[in-house]
Every structure is written in structure tokens, then in C-alpha cells.
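The values are calculated or read from the model by the stated rules, or taken from the named source; none is laboratory data. Because the structure is predicted, anything quoted here is derived from the model rather than measured. Neighbour counts run over all protein chains shown; Cβ positions are idealised from the backbone, glycine included. What goes into the accessible areas is simple: the full protein's heavy atoms, side chains included, and nothing from ligands, DNA or RNA. Shrake-Rupley method; radii C 1.70, N 1.55, O 1.52, S 1.80 Å.
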Amino acid sequence: MADIELRNVRKAFINFVALEDLNLRIEDGEFVALLGPSGCGKSTTLRMLAGLEFPTDGEIRIGGKVVNDVAPGKRDIAMVFQSYALYPHMTVAQNIAYPLKKRGVDKAERDRKVERAAALLHLEPLLSRKPKQLSGGQQQRVALGRALVREPEVFLLDEPLSNLDAKLRSYMRIELIELHRQLGKTMVYVTHDQLEAMTMAHRIAVMNGGKLQQFDTPDAIYNRPANLFVADFIGTPSMNLMEGSLSGSNFTVGGQSVTIDRSRLKPETTDGAAVLGVRPEDIMLGDGTIDAVVELVENTGHEKIVALAVKGCDRILARAPSGSAITVGEAVKIGFDQTKTHLFEKDGEGRRLNLDQDHNSLP
Ligand SMILES: Nc1ncnc2c1ncn2[C@@H]1O[C@H](COP(=O)(O)OP(=O)(O)OP(=O)(O)O)[C@@H](O)[C@H]1O
Ligand SMILES: [Mg+2]
């Protein structure tokens with residue numbers, strides 16, 4: 001069993017607090033992504049799981065045992081770093097076999113394990129090459145192979161695809177999902193790429209400024225963001241966030257009013273300043289009561305992203321089908337899909353004010 005638990009973990013460097021009161025429970029065999037902007041504490045969290053960094057406060061458990069003081073080599077984990085260093089003078093096969101050789105595993109067994117890893121990672125034709133004769137993606141797979149042969153209970157991956165081009169990244173994403181399915185081991189995957197997190201992970205831990213913002217399924221993170229940070233961070237283009245004022249069932253922004261389904265809000269929600277969130281796909285162009293003017297139309301090929309000027313708020317982005325005839329300068333009425341709007345506190349932590357009765361994410 002290799003479930004992982006962080007309890008009230010805090011990490012302070014000499015003059016900087018990198019993590020505050022982090023609580024996470026990762027199930028055995030689960031694929032969890034740690035997602036957040038640069039400097040939010042993702043690598044620090046992973047390095048503490050690996051035993052390369054020690055928590056200032058709190059407890060880390062792997063498989064139920066407290067590992068705060070357990071050396072990296074004694075934790076049943078393998079870590080793949082963002083900048084993977086292969087041994088340049090060794091072949092692919094020797095690179096992959098290296099951890100086994102160090103452990104004193106005999107030649108026949110080493111060969112067998114290297115063969116299996118090479119098959120999983122489609123490296124068979126490359127086994128006798130040296131690293132410099134490989135593409136970046138192939139080198140990346142060798143680094144993964146070296147982690148695989150150790151057969152750990154937990155894989156810790158720190159931005160393992162960041163050095164690859166877009167096409168190879170999407171190929172490797174699928175390969176890693178398949179690998180996880182085959183191995184069934186716990187994987188903790190650090191990334192600042194939301195697409196990677198959304199497509200690969202069972203659950204995503206969204207972090208910002210050393211604090212956990214939300215830990216939930218990709219579906220819940222997208223459809224029920226817990227606060228303004230998550231709402232803004234997840235989704236491309238981002239969710240439109242409009243500051244305004246709530247009064248009964250009306251939300252007023254820049255002198256224009258939209259109707260809010262009050263039954264979808266937490267009963268304790270009070271009237272006053274709030275932030276309305278609407279994803280670009282939930283904006284109805286030409287169907288609503290809000291006056292807008294088309295400022296820009298960006299054709300991505302499969303759709304159009306329409307930038308709209310609305311009095312009293314920042315530019316609003318909407319998605320339109322690629323065949324849409326909308327033109328720059330045009331005045332349009334817009335509306336919001338009432339079942340999909342989000343409301344947040346304007347102040348404090350910007351917490352979500354919607355009642356999510358349809359909440360079906362894991363505990
Ligand atoms: N040894 C250290 N001493 C002081 N501060 C540190 C140390 N290591 C990390 N930090 C700080 O802790 C914060 C978190 O760093 P961390 O490496 O965990 O970020 P990250 O989320 O992995 O970012 P990135 O996406 O850029 O890799 C950063 O502000 C960093 O500068
Ligand atoms: Mg990092």
C-alpha cells in the first residue's frame with residue numbers, strides 16, 4: 001500500500017515560507033497532479049515526499065508510516081526530475097539498468113527488467129544507442145525507464161515533459177496515462193500546464209503562494225472552482241470575472257443588470273459587492289439583455305474567440321463557432337447561461353458562493 005498523506009505540513013526556508021499548512025491525502029494507485037504557477041511550492045512538496053527536503057512542521061506518511069525522518073533511499077519511491085541527467089558514456093540499456101546494478105541485481109534479472117521497461121516505453125530499437133544519439137523525447141523516456149525498473153510503490157514526476165515540443169508532449173501524455181494504467185502505482189505529477197493536469201490526473205491539487213486552493217477531480221475544478229484564483233487559473237481563455245453588486249436576484253455590472261438564480265447560491269450569501277464568473281463557452285452571443293460591442297475576433301480554425309467591450313467591466317471573451325459571421329465593430333446583445341454562472345466573494349479569499357448540489361467529486 002502506498003497512499004500518501006501530508007498533515008499540516010509547513011516548509012520554511014531561512015527567509016521564506018514556501019508552504020503553509022498543507023493537507024493532502026492521496027490514495028494508493030491514484031494519479032494526482034500538483035498544479036500552480038511558478039514558485040507556488042510544487043517542487044518543494046514533491047521533494048519533501050522524496051525525502052530531499054524536510055518539513056519544518058507537520059507529518060508526511062507513505063503507506064501509513066511517518067517518513068519525516070526516513071532517508072530518500074529507504075522510501076519506496078522513484079523521482080523523475082525536470083532536468084533529467086543521463087550518463088552520456090552509457091548506452092540506453094546501461095542507463096536504464098544503472099539503479100539495478102547499483103543495488104547488486106544480477107545480470108539476467110537486470111536484462112529482463114530493462115527489456116520490460118523498454119517495451120513499455122517503446123525504446124527497444126534504441127537500447128544500444130548513447131544519449132546524444134537520441135531526441136529529447138527519447139531521452140525523456142530513458143529517464144522514465146530508469147525510474148520504472150526500480151519498481152517503486154510511488155512515482156514522483158517533476159515536470160517530466162517540459163522540455164518536449166507540443167506534439168511530443170501530447171504523445172507522452174497519452175503514454176504516461178497508459179503506463180499508469182498498466183502499473184497501477186501511486187503517481188504524483190508536478191506541472192504548471194493545466195492541460196496536462198486536466199487530462200492525466202484523477203485529482204488535481206491547485207496551489208498558489210504556498211497554499212492549497214482546491215483538491216478535486218478535473219471536472220470539479222473546472223465546473224465548481226472553489227475560489228477566484230482557481231476560477232481564473234483554470235481554463236483557456238480564462239473565465240470572465242465581472243465585479244458588480246448583488247441585490248436579491250439581480251446582479252448589476254456597469255449599470256446593466258442580469259438575473260441570478262438565487263436558489264443556486266449559499267443561503268448565507270448577503271447582498272452587496274461580489275464577482276460574477278462566466279466561462280467563454282457559457283456566453284450567449286445575440287441572446288440576452290447586456291449591450292456589448294465586438295472589439296476583436298480571433299479565428300483559431302475550429303472556433304472563434306470573440307472579445308467584447310461591455311460598459312463597466314473588463315473585456316469579455318466568448319466562444320463562437322468557426323462559421324459564425326460576427327464582425328468587429330458590431331453591437332450585440334449578450335446573455336449568460338444561468339445554470340452555469342459562478343458567483344464569488346469580492347473580498348477575502350474570493351470564495352465560491354454557489355451551492356453545488358450536483359457535487360459528485362471524491363471525498
Ligand atoms: N532552498 C531554498 N531556499 C529559499 N527559498 C527556496 C528554496 N527552495 C525553494 N525556495 C522558494 O520556495 C518557493 C517554492 O519553490 P518551488 O521550487 O517549490 O516552486 P515550484 O512551484 O516548483 O515552481 P516552478 O514551477 O517554477 O518550478 C519559491 O518561491 C522558491 O524561491
Ligand atoms: Mg518546480
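Of note:
- Number of the exception - residue 86 against (1) at pLDDT 95 or above; (2) within 26 Å of residue 162 (Cβ to Cβ); (3) out of contact with any Leu (no Cβ under 7 Å at 6 or more places or on another chain): (1)
- The C-beta contact set for region 193-216 (first residue within 19 Å of residue 175 (Cα to Cα), second residue of a type in the set (Lys, Arg) and surrounded by fewer than 23 Cβ atoms within 10 Å (Cβ to Cβ), distance under 7 angstrom, 6+ apart or interchain) comprises 196/173; 199/173; 200/173.
- Evaluating residue 63 against the criteria (1) under 30 Å from residue 218 (Cβ atoms); (2) more than 16 Å from ligand 1 (Cβ to nearest atom); (3) open to solvent by 70 Å² or more (accessible area, probe 1.4 Å) leaves one unmet condition, (3).
Okay, residues lined up against (1) more than 16 Å from ligand 1 (Cβ to nearest atom); (2) assigned by TED's automatic domain parsing to the domain that holds residue 63; (3) touching a residue at least 60 places away in the same chain (Cβ under 8 Å):
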| site | (1), (2), (3) |
| --- | --- |
| 122 | yes, yes, no |
| 126 | yes, yes, no |
| 143 | yes, yes, yes |
| 158 | no, yes, yes |
| 161 | no, yes, no |
| 166 | yes, yes, no |
| 185 | yes, yes, yes |
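- Test for residue 18: is it more than 13 Å from ligand 2 (Cβ to nearest atom) and in the same structural domain as residue 160 (by TED's automatic domain parsing): no
- Test: residue 220 is small (Gly, Ala, Ser), touching a residue at least 60 places away in the same chain (Cβ under 8 Å) and assigned to a strand (DSSP E or B): no
- Region 290-334, subset of a type in the set (D, E, K, R) and closer than 13 Å to residue 256 by Cβ, residue surrounded by the most Cβ atoms within 10 Å (Cβ to Cβ): 291
- Verdict on residue 258 being among the β-branched types (Val, Ile, Thr), buried (at least 21 other Cβ atoms within 10 Å of the Cβ) and either within 30 Å of residue 333 (Cβ to Cβ) or outside the structural domain of residue 34 (by TED's automatic domain parsing) (or both): yes
- Residues located in region 21-58, provided they are open to solvent by 20 Å² or more (accessible area, probe 1.4 Å) and within 16 Å of ligand 2 (Cβ to nearest atom): 37, 38, 39, 43, 44, 47, 52, 53
- Complete set of residues in region 149-196 that are of a type in the set (D, E, K, R), within 16 Å of ligand 2 (Cβ to nearest atom) and closer than 16 Å to residue 83 by Cα: 158, 159
- Residue match in region 272-290 (condition: without any contact (Cβ under 8 Å) to a residue 24 or more places away in the chain and in contact with a Pro (Cβ under 8 Å, 6 or more places away or on another chain)): no
- Residue in region 240-251 that is in a loop (DSSP other than H, G, I, E, B), more than 27 Å from residue 21 (Cα to Cα) and open to solvent by 10 Å² or more (accessible area, probe 1.4 Å) present: yes
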